[in-house]
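**Student:** One structure, as structure tokens, below. Some questions next.
The values are calculated or read from the model by the stated rules, or taken from the named source; none is laboratory data. Note that the structure is predicted; figures quoted are calculated from it, not measured. Note that each Cβ is placed from the backbone with ideal geometry, even for glycine, and that neighbours are counted across all protein chains shown.
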Number of protein chains: 2
Amino acid sequence: MFEDSGYKGSVKRILEGAKVQIGDIIRIVKDGHVYEGNLIPRAEFGDEKCVVIKLKSGYNIGVRVDGKTKIFKIKEGEKPAFIPPPPPETKPELKRVAIISTGGTIASRVDYRTGGVRPALTASDLYSVVPELSEIASVEAEILFSILSENMTPERWSVIAETVARKIKSGVSGVVVPHGTDTMAYTAAALSFALQNLPVPVILVGSQRSSDRPSSDAALNLIGAVRAAVDAPFAEVAVAMHETTSDQSIVIHRGTKVRKCHTSARYAFRSINASPLAKVENGEVIMLTDEYRRRGESELVLKKNFEDRVALIKFYPGFNPQIIDFLVDEGYRGIVLEGTGLGHVGAYCFKAVKRAIDNGLMVAMTSQCLWGRVNMNVYDTGRDLIKMGVLPLEDMLPETALVKMMWVLGQTSDPEEAKALLLRNLAYEFSPRTLP
Amino acid sequence: MFEDSGYKGSVKRILEGAKVQIGDIIRIVKDGHVYEGNLIPRAEFGDEKCVVIKLKSGYNIGVRVDGKTKIFKIKEGEKPAFIPPPPPETKPELKRVAIISTGGTIASRVDYRTGGVRPALTASDLYSVVPELSEIASVEAEILFSILSENMTPERWSVIAETVARKIKSGVSGVVVPHGTDTMAYTAAALSFALQNLPVPVILVGSQRSSDRPSSDAALNLIGAVRAAVDAPFAEVAVAMHETTSDQSIVIHRGTKVRKCHTSARYAFRSINASPLAKVENGEVIMLTDEYRRRGESELVLKKNFEDRVALIKFYPGFNPQIIDFLVDEGYRGIVLEGTGLGHVGAYCFKAVKRAIDNGLMVAMTSQCLWGRVNMNVYDTGRDLIKMGVLPLEDMLPETALVKMMWVLGQTSDPEEAKALLLRNLAYEFSPRTLP
């Protein structure tokens, strides 16, 4: 048990000495203070010297233990340490929101008896964990996948798109898609292209800290996402996450312009080369831009196919252009280059790029700088690439460009049509050119 | 001529109608105002409707032309429109700084007569373009390469390292390396590992706008770099660039923690997961951290070999693990993964990763988030990768990790020694762990 508990070193030895297990009710005596509660697994980023217990109140606290701290077992954990309260009444007079869960930290709950993780997104689970939701919307929750988001695939994007479309056609006011944060931005881009002519908002939401940790962002992110799904005036695919380290506001990023920019912080997501769409503060949706697709009565068009023989290739000094040759030989249909600066790759790669294009592959250029805009007209070498047929993708994120090319080549096999589609601004993936 | 001038559309037609060429002295009459000067090529990000002339004073101005603007040729350009003033006297009593130029925007100057670009980094050129340098140091300038930095290679890193080492051994107080900005951060990392036991600062410097543009950052960046080379108390490899859009301060980033984060802005470079080392303001070097290697009398150790059979692989949904198999079959010695979030790749890639390690490749993990720290102990899947032998690289940038692995495998063929070297903090490439 203690292998999985996250405790180690001296703290682990103290707990083992007290013969306590995760889930047991324990008493900690330190400096004359007494703490009692269920022993829970150590938070992965928490203080290594802390023992974490869940108090009767439901709150978790960490107690820093030292040589003089005493720990006793009060009662063995026989059943789940935390029994969710019964869900509140749903209010059918509220607008309907669909929650389609795909997995990730936001959709998981630790069972303190076993230490195991289980999905917690039935509607009744949700209401019991985040009872505020029942005041905002009439929630229809379903579990579509329970996967870690690094296992998300283009085929699964299609299934999500299909499920969201079905829900929208059933008349909900908005859709919320809980998702692991690792690849949430890729999925947001995928849905931005697959769900055309959207009548309502589709909000992806994740959390960086699980709902069983005191610093969790799960509940607030979910409340913000549901609020936006019900009330926001936009009808786009977006991502809702903490704006800063504080719990003041949830920021809503456009699905084609967002990127995970921190491995662990709660404000990990950022809009790149664009303003966020909106934020949710004190229960209100505040728009941060005037340029957006309006919520309305439009007929959703589902275009769910993605071609997975498309690669994202990051260039660097010493990059081997044989990787490009390999993709061509494997029957790839497209390559997005993540070039340097304004959109460059070493001149020694030109031959491989030209061979790819001569073999019918679509090749496009983005920048590993992430911020700013590709401009291949400044240097001869950029112009050479354009002459070969490399398509400059302006200020589009490399990840969005990859997803869009997968989508474009899933829609058509006609090269001219594919090119026109790739360069057309479909979901604000291109920002208007601004002067420096 | 006009193909290369940058002018297009209606402006190009007006210039062609007036039969003027780049370098000619022209007169522009607009709204009763008269402007006279040498016609110079259009700045790549400038207003498309502007004609740019260099006034007798040496300043460039852009004049927006419309249907009513008149342009006349006054005199054909026969010789360079801009004749550099004679260089000021050098002051042998000042400390010696070596400038070793490798190319890029900072090292180029447009010849207004031909529109061609030529390197401008002989000491005398430098003093005439940036006369302030003669007050700061006794400069010894040489042109090592004149390349666009996307054509930089690991072999060229070795040549730069060797040249810098030679100069340091000759007793200079610091070295400045002008470099194209595209791959400057990669070269900075390479020199950080190749030049061990540094006694003096080595400052890479670039510019985002060429010295012939009114908004150029070239002169100030160079002045800041030379100032740091002479005066800074640190002995590390660093990058000097504009801190903000203003000309107030030049910020100096540590070579292992810096990244180009904008395609065109002058403040394109940022320190990631670390404070910048220092800044230069009003001619003073101000340290921004207390953790740095001190300038001193140490004996430089040159370790200049890089193994180029090392790849940086960015993971994304739909990534094809056959790319990893291909690298193994091609005899690669190492792979740096740019995983998602805390350091993940899809479970379907594990087989290929394991095969790589079984075949003796060194495999390490970084995060495409860029900010934050890899932590592969949070999820089972991360622990599985660690068990296979994947080395988590904490908060190291993917680009720095690539360069470091190339360098490590250039130093040793012993796997245990290589692993120890990769995980040892040699040039502040790992920041100390901070609590969230």
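**Student:** Give the range A:137-182 a look and list any residue that's in a helix (DSSP H, G or I) and touching a Gly at 6+ places or on another chain (Cβ under 8 Å), or say none.
**Tutor:** Filtering the range A:137-182 for residues in a helix (DSSP H, G or I) gives A:149-151, A:154-169.
Of everything in the range A:137-182, those that are in a helix (DSSP H, G or I) and touching a Gly at 6+ places or on another chain (Cβ under 8 Å) turn out to be A:Ser149, A:Glu150, A:Asn151, A:Pro154.
**Student:** Looking at B:Thr400, B:Thr366, B:Thr381 in this structure, which one is of a type in the set (S, T, N, Q), closer than 20 Å to B:Phe319 by Cβ, outside the structural domain of B:Leu277 (by TED's automatic domain parsing) and part of a helix (DSSP H, G or I)?
**Tutor:** B:Thr381
**Student:** Could you identify the single residue in A:Gly410, A:Gly346 that is surrounded by 15 or more Cβ atoms within 10 Å (Cβ to Cβ), touching a residue at least 40 places away in the same chain (Cβ under 8 Å) and within 14 Å of chain B (Cβ to nearest Cβ)? Let's see the steps before the verdict.
**Tutor:** Details: A:Gly346 fails: touching a residue at least 40 places away in the same chain (Cβ under 8 Å).
Answer to the selection: A:Gly410.
**Student:** To continue, here is another question. Condition first: of a type in the set (A, V, I, L, M), assigned to a loop (DSSP other than H, G, I, E, B) and away from chain B (no Cβ under 14 Å). Can you find one or more residues in the range A:216-239 that meet it?
**Tutor:** yes
**Student:** How many residues does the range A:254-273 hold that are in contact (Cβ under 8 Å) with a residue 40 or more places away in the chain and away from chain B (no Cβ under 14 Å)?
**Tutor:** Total satisfying the criteria: 4.
**Student:** Further question on the same structure: Pick from the range B:321-332 the residues that are part of a loop (DSSP other than H, G, I, E, B) and free of Cβ contacts under 8 Å to residues at least 24 places away in the same chain: which of them is farthest from the other protein chains (Cβ to nearest Cβ)?
**Tutor:** Here the residue is B:Gly331.
**Student:** Then there's this: Starting from residues that are within 14 Å of chain B (Cβ to nearest Cβ) and part of a strand (DSSP E or B), keep the ones in the range A:285-320 and report whichever is surrounded by the most Cβ atoms within 10 Å (Cβ to Cβ).
**Tutor:** If we take residues in the range A:285-320 being within 14 Å of chain B (Cβ to nearest Cβ) and part of a strand (DSSP E or B), then A:Val310 is surrounded by the most Cβ atoms within 10 Å (Cβ to Cβ).
**Student:** Shifting gears a bit: When residues of the range A:400-417 are filtered for being out of contact with any strand residue (DSSP E or B) (no Cβ under 6 Å at 6 or more places or on another chain), farther than 20 Å from A:Leu370 by Cα and among the aliphatic types (A, V, I, L, M), how many remain?
**Tutor:** Number of matching residues: 1.
**Student:** Still on this structure, I have one more. Since A:Glu394 meets every condition but one in (1) closer than 21 Å to A:Arg309 by Cβ; (2) within 11 Å of another protein chain (Cβ to nearest Cβ), which condition does it not meet?
**Tutor:** If we test A:Glu394 against (1) closer than 21 Å to A:Arg309 by Cβ; (2) within 11 Å of another protein chain (Cβ to nearest Cβ), just (1) comes out false.
**Student:** What pairs can you find where one residue is in the range B:233-252 and under 24 Å from B:Phe193 (Cβ atoms), the other is assigned to a loop (DSSP other than H, G, I, E, B) and basic (Lys, Arg), and their Cβ atoms are less than 8 Å apart, with a gap of 6+ or different chains?
**Tutor:** B:Pro233/B:Arg295; B:Phe234/B:Arg293; B:Phe234/B:Arg295; B:Ala235/B:Arg293; B:Ala235/B:Arg295; B:Glu236/B:Arg293; B:Met241/B:Arg266
**Student:** When you look at A:Glu93, is it under 26 Å from A:Ala141 (Cβ atoms), of a type in the set (Asp, Glu) and at pLDDT 80 or above, yes or no? Spell out how you get there, then give the answer.
**Tutor:** On the way: under 26 Å from A:Ala141 (Cβ atoms): yes; of a type in the set (Asp, Glu): yes; at pLDDT 80 or above: yes.
Considered against the rule, which asks whether it is under 26 Å from A:Ala141 (Cβ atoms), of a type in the set (Asp, Glu) and at pLDDT 80 or above, A:Glu93 comes out as yes.
**Student:** Would you mind telling me which numbered condition in (1) loosely packed, with under 15 Cβ neighbours inside 10 Å; (2) at pLDDT 85 or above B:Val65 fails?
**Tutor:** (1)
**Student:** Here's a follow-up. Find the residue count for the range A:357-391, including only residues that are over 28 Å from B:Gly339 (Cβ atoms) and within 11 Å of chain B (Cβ to nearest Cβ).
**Tutor:** Number satisfying all stated conditions: 10.
**Student:** From the list A:Ile324, A:Ile272, which one is touching a helix residue (DSSP H, G or I) at 6+ places or on another chain (Cβ under 6 Å), surrounded by 19 or more Cβ atoms within 10 Å (Cβ to Cβ) and either over 26 Å from A:Gly171 (Cα atoms) or not assigned by TED's automatic domain parsing to the domain that holds A:Pro201 (or both)?
**Tutor:** Numbers: A:Ile272 fails: touching a helix residue (DSSP H, G or I) at 6+ places or on another chain (Cβ under 6 Å).
Exactly one of A:Ile324, A:Ile272 is touching a helix residue (DSSP H, G or I) at 6+ places or on another chain (Cβ under 6 Å), surrounded by 19 or more Cβ atoms within 10 Å (Cβ to Cβ) and either over 26 Å from A:Gly171 (Cα atoms) or not assigned by TED's automatic domain parsing to the domain that holds A:Pro201 (or both), namely A:Ile324.
**Student:** How many residues does the range B:244-263 contain that are over 22 Å from B:Pro398 (Cα atoms) and surrounded by fewer than 22 Cβ atoms within 10 Å (Cβ to Cβ)?
**Tutor:** Number satisfying all stated conditions: 6.
**Student:** Right, another one. In the range A:184-197, which residues are in contact with a strand residue (DSSP E or B) (Cβ under 7 Å, 6 or more places away or on another chain) and outside any strand (DSSP E or B)?
**Tutor:** Correct list: A:Met184, A:Ala185, A:Thr187, A:Ala188, A:Leu191, A:Ser192, A:Ala194, A:Asn197.
**Student:** Further, regarding this structure: Quick one: what pairs do we get from the range A:356-373, first residue under 23 Å from A:Glu307 (Cβ atoms), second part of a loop (DSSP other than H, G, I, E, B) and of a type in the set (Phe, Trp, Tyr), C-beta under 7 Å, 6+ apart or different chains?
**Tutor:** A:Leu361/A:Tyr332
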